[in-house]
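Read through the structure below, which is laid out as structure tokens, and then see the notes.
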Amino acid sequence: MRRPTARETGLAAAAGLILLAAATLRWARPRVAEWRDLARARQENRQRQREYEHLAGARPELDRRLSKLREQLPAYPAGRDVTAELLRALERKAQDQGLVLLRRDASKERTIEDLREQTISCQWEGDLAQLLRFLFALQTGEGLPDVSQLTVAPAPSGGGRLRGTFTVDFAYTRAPAAPSAAPTP
């Protein structure tokens, strides 16, 4: 058996290195994408942690602002259905501004901790000035109504009239029920 020459040994070592490099690349290539994703996630987590630390430091101010907003919310007695009252108030504001409400749909009251929310979707018709006055009156009125969706399109009747829909979210609280008076003997 003959011994390999230095040249053959060098070629075998080079071939081995090339095979090792190819195997490493084949194994490492999918991992590189994973490592990039992990690095990106780590960066996002650091950013999120900085935001949480900022919010934690600002909590007393946020609590003060929230309690101030809660004071502005109207309070209705527990168990009383306020849907009709909210619909009447909305209709009254629309009529005061000359806006015609063609259809009104109220959703069920939602409870979020101690706050309540009622959503009313309306189809309306009027001109731009009436719509703007109505939205201004709605935002400057009692409570904290929020127009979350608004669509505007030319009315089929023409003449500069507009037609569309809007959704108003009313936030309010419920006053605790008054204690029942004990009968006097």
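The values are calculated or read from the model by the stated rules, or taken from the named source; none is laboratory data. Source: prediction; values computed, not measured. As a convention, Cβ positions derive from the backbone with ideal geometry for all residues, glycine included, and neighbour counts pool all protein chains shown.
Yes or no, residue by residue, for (1) part of a helix (DSSP H, G or I); (2) touching a Leu at 6+ places or on another chain (Cβ under 7 Å); (3) more than 19 Å from E91 (Cβ to Cβ):
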site: Q130; (1), (2), (3): yes, yes, no
site: F136; (1), (2), (3): yes, no, no
site: G158; (1), (2), (3): no, no, yes
site: V168; (1), (2), (3): no, yes, no
site: A171; (1), (2), (3): no, yes, yes
site: R174; (1), (2), (3): no, no, yes
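Among the residues of the range 118-151 satisfying the criterion of being of a type in the set (D, E) and at pLDDT below 90, which is farthest from E71 (Cα to Cα)?
Applying the filter and picking the extreme gives D146.
Residues of the range 101-121 being exposed (fewer than 15 other Cβ atoms within 10 Å of the Cβ), over 23 Å from P176 (Cα atoms) and hydrophobic (A, V, I, L, M, F, W, C), which ones?
Listed by number, the list holds a single entry, L102.
State whether the residues of the range 77-95 include one that is surrounded by fewer than 12 Cβ atoms within 10 Å (Cβ to Cβ), under 20 Å from R163 (Cβ atoms) and in the same structural domain as T165 (by TED's automatic domain parsing).
no
For Q43, only one of the following conditions fails: (1) assigned to a helix (DSSP H, G or I); (2) surrounded by fewer than 11 Cβ atoms within 10 Å (Cβ to Cβ); (3) in the same structural domain as T140 (by TED's automatic domain parsing). What is its number?
(3)
Could you list all residues from the range 97-137 that are in contact (Cβ under 8 Å) with a residue 40 or more places away in the chain and within 24 Å of the chain's Cα centre (by Cα)?
Result: D114, L115, R116, E117, Q118, T119, I120, S121, C122, Q123.
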